[in-house]
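A short write-up of the structure that comes next.
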Amino acid sequence: MKKVPLIPVIIGSGFGAGFWPWGPGTAGAVLATLIWLGLNLVCTPLTLTVITFILVLVFTALGTWATARLEPFWGEDPKRVVVDEMVGVWIPLMAAAGTAHTGWLALAALLLFRFFDIVKPLGIRALDRRQGAIWVMLDDVLAGAYSLVVMLILIQLL
């Protein structure tokens, strides 16, 4: 019997957040938000936006790779894989960088992303039904994109 590969477990589970027994997806999104808030303390808004964009790209690729390696052990779209939620919440967080209400907007980004991720409107459910590691990631990227649009509207209204 093969052993589950460690590096994909670390990446796929969002550094272990996916092992949280009550809402692993929310745990992954919260961890990603906390990482972003930590970066917000030490980065300029432009630097934070660039770093967040790079995190989205890098972890989309790494998450797809890790998920493909974990699915033979954990099954299709395993609950313990939460790197997709991390990527998804980083997308709307890009809009909060450098605003006067960064903390509140970070919370709004988290809540909006979880709403779109759970309810799965506007084509997200169609992506979620597809099989394969890339689709595990892309339904959350789309949820993040919808959240980003709502965030940009909220920021304009503030």
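The values are calculated or read from the model by the stated rules, or taken from the named source; none is laboratory data. The structure displayed is predicted, hence computed values, not measured ones. Heavy atoms of the whole protein, side chains included, go into the accessibility calculation; ligands, DNA and RNA do not. Shrake-Rupley method; radii C 1.70, N 1.55, O 1.52, S 1.80 Å.
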(message) I need the phi-derived Karplus couplings for region 20-31: 6.51 cos²θ - 1.76 cosθ + 1.60, θ = phi - 60°, integer Hz, Gly and Pro marked x.
(response) 4, x, 10, x, x, x, 5, 4, x, 5, 5, 4
(request) Heads up, I need the accessible area for I124: 1.4 angstrom probe, whole protein in place, Å², nearest 10. (result) 0 Å²
(message) Apply the Karplus curve 6.51 cos²θ - 1.76 cosθ + 1.60, θ = phi - 60°, to the phi angles in region 144-158 and return the couplings in whole Hz, x for Gly and Pro.
(response) x, 5, 5, 5, 4, 4, 5, 4, 4, 5, 4, 5, 5, 6, 6
(message) Once neighbouring chains are kept in place and the probe is 1.4 Å, which whole percent of the accessible area of the chain is contributed by carbon and sulfur?
(response) 72 percent
(request) Return the single residue from R130, R114, R69 with maximal mean-square fluctuation; model: Gaussian network over the chain, springs between Cα atoms under 10 Å. (result) R130
(message) Before I look further, what does the chain give for accessible area per residue, probe 1.4 Å, in whole square angstrom?
(response) 52 Å²
(request) Would you list which lysines come within 23 Å of K120, measuring only between C-alpha atoms, while excluding same-chain residues fewer than 8 positions from it? (result) K79
(request) Mind pulling the angle between the C-alpha long axis of helix 102-119 and the longest principal axis of the chain? Nearest 10 degrees, somewhere in 0 to 90. (result) 40 degrees
(request) Please turn the phi angles of region 46-53 into ³J(HN,Hα) values with the Karplus equation 6.51 cos²θ - 1.76 cosθ + 1.60 (θ = phi - 60°), one per residue in order, whole Hz, x for glycine and proline. (result) 5, 4, 4, 5, 5, 4, 5, 4
